[in-house]
Amino acid sequence: MADRAFDLAWTHNQVTLRHLNATEAEAQLYGRLAGALIYADPARRANPAVLHNNRRAKAAFGVMAFRATRRSSCSASATRKRSRSFGR
């Protein structure tokens with residue numbers, strides 16, 4: 001019974017790889033990459049000071065990005081108002 005389950009799992013794996021046009025080595029590489037992203041290894045983390053500076057930079061960028069988005073949406077709104085007033 002267990003042999004049949006393993007055979008079916010192997011066959012399913014081969015069909016999936018063929019469907020994705022990937023090799024077994026590529027699947028293993030993607031698995032390692034995904035594992036590193038999902039289960040972050042503390043040994044690979046940056047120095048806490050670097051992480052702290054990065055948070056501050058992201059926070060400042062977030063404010064600038066919000067302002068830029070706000071400006072572009074306001075200018076788009078003004079453009080729509082102008083085009084309606086000219087009958088376009």
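Just so it is clear, none of the values below were taken in a lab; they were calculated from the coordinates. None of these values were measured; they are calculated from a predicted model. Heads up, the Cβs are rebuilt from the backbone with ideal geometry, glycines too, and the neighbour counts pull from every protein chain shown.
A compact table of results
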quantity: Check on Ala34, of a type in the set (Gly, Ala, Ser) and assigned to a loop (DSSP other than H, G, I, E, B); calculated: no
quantity: Close pairs from region 25-47: first more than 16 Å from Asn13 (Cβ to Cβ), partner aliphatic (A, V, I, L, M) and part of a helix (DSSP H, G or I), Cβ under 8 Å, at least 6 apart; calculated: Arg44/Ala36; Arg45/Leu51
